Amino acid sequence: DGDRLKQVVLNLLSNATKFTQGGEVEVRTELESETGTHHVIKVSVRDTGIGIPEAAQLKLFKRFSQVDSSTTRNYGGTGLGLAISKQLVELMSGTMGVTSMPGEGSTFWFTAVLEKAEILREEVRRLPSALCPMLVVSPNSSTRNVLTGCLQAWGAEVTGAADEREAQIYVNAHSTVTAVVSLPFPEHNLVAMEAILEFITASVSKVRFWIILCPISFVRRIRDLVAEMAESFDAKGNMLAAHAARAIVILSQPVRQGVLYDCLTQLSSDGVYRRRSFDSNADDAQTDKLRVRRRSRRQHSEETMPVVDEVSKPDDKDRHRMTDMLAGVRISTVPMIKALSFKVLVAEDSEANQIALKRMLIKHGVDVTVVADGSEAVDLVVKRGVRFNLAFFDLNMPIMGGVEALHSIRQANVEMPVIAISASVGDAQFQRLIEEGFSVVTTKPLSE
């Protein structure tokens, strides 16, 4: 059952990202065994999170059970996900287990017995020899190995470098046609990226094709820095380096294999990369259009402020679609001297869900504020007096969940439509949440 397997993988990934504050989460799939008619596939999700004591691992797969009481308080959750996942795996003749050390992370794995499918003719991807030799630079060994392995599978001659020093030594000693540089994931700034960016500046004219992979939130900033690099070379009269800097391709990571392959083949044939709609730059363009529209609205002498009158409740089948969520918001307008945008507050503890929700909402032309738990939402709305036209509250968050946050806001006599979001909601819970005061109850994952 493909849908159930996807559900299990998503649950393991959700747990891994929730309990991993720094480091990485890796998904690995491998063939464990096979017969004449079936494959046994093993899927592992490894993280570098808080880890689990051996004694606590025995109760992980029991319903409503977590490592200790602080887990629910600090990270949220009901303790049902792993139990349900294990049951689904066993119904498909598989097994599930975990290996973990406190402070070092965990690896959750499961096996699945799958029927052998008819052998389909696969697309053979081969990179032109004109792109080689290639250099992959990444301080993260997993990222470096994945990129190197991918390029080698496409027939490329590839060398890996762990940092800017190794990369500089290699470029100085060897002819290098293409460099793929994966920038590290900094917490809040570009300090961790500076050394590798300095290497690119020093070597920009020594390598013909450059591809920089960076966190999606830094794509625009890195693009600006590369533009400044080109202008600096221009001012110094180094036209060759300036041209090379302007030809640098910047992609968000993790990058899809299809995007990377398409980018490389375009570079080899045309010397430039024309971004397609699947690239993050399409989102940048859409965001720019929204900003232009909002800016043009501000130029009118009499502006309006959107005011939410009511949030209609979509049908069950539409509870996961953002378009239907927002279509149910009935808005009236109040004349204002100065334009005020439609403001939405999102309280969600998962960083991946934060990014997804924010991007979907921005596409609808709203201003979005994101907080990590209910207490931060209450602080903004009640203590600081910040007003929002609409809010999305995750039900299970550390420190303060969505229901408790809603109660605090209602007790402060703040009227604001709030949409509850949860991984799963039964009919009884749905009705109870509506009675608690939520305008709409929806389930993850939300789609556009």
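FYI, it's all coordinate maths here, none of it is from the lab. Owing to the predicted nature of the structure, the values given are computational and were not obtained by experimental measurement. A quick note on method: Cβ atoms are made from the backbone with ideal geometry, for glycine too, and the neighbour counts reach across all protein chains shown.
Structure notes:
- In terms of packing, defined here as the mean over residues of other Cβ atoms within 10 angstrom, the peptides 137-146, 88-97 line up highest first as 137-146, 88-97.
- The stretch 339-428: trypsin sites (Lys or Arg not before Pro) in DSSP loop, at most 15 other beta carbons within 10 Å: Arg384, Arg387
- Three-way shape call for the stretch 114-176 based on the alpha-carbon gyration tensor, with the a/c threshold at 1.5: oblate
- Amide hydrogen neighbours beyond the local backbone of Val181, cut-off 5 Å, H modeled: Val137, Ile211, Ile212, Leu213
- Highest mean packing comes first when the peptides 203-211, 371-379 are listed by Cβ atoms within 10 Å, giving 371-379, 203-211.
- Filter on Lys59/Lys444; Lys42/Lys363; Lys59/Lys383; Lys18/Lys86; Lys18/Lys206 - keep pairs with C-alpha separation over 30 Å: Lys42/Lys363; Lys59/Lys383; Lys18/Lys206
- Each residue of the stretch 430-443 is assigned a 3J(HN,Hα), and the resulting list reads 4, 5, 5, 5, 5, 5, 5, x, 6, 6, 9, 10, 10, 10 Hz, derived from the Karplus form 6.51 cos²θ - 1.76 cosθ + 1.60 (θ = phi - 60°), x at Gly and Pro.
- Most tightly packed first, judged by the mean number of other beta-carbon atoms within 10 Å of their residues, the peptides 224-232, 153-161 read 153-161, 224-232.
- The stretch 337-392 shape via C-alpha gyration tensor axes, a/c threshold 1.5: oblate
- Gain on full stretching of the segment that runs from Ser217 to Arg125 - 0.36 nm per residue minus C-alpha separation: 30.1 nm
- In this label model, Val9 and Glu435 are separated by 4.0 nm, measuring between points 7 Å along each Cα→Cβ vector.
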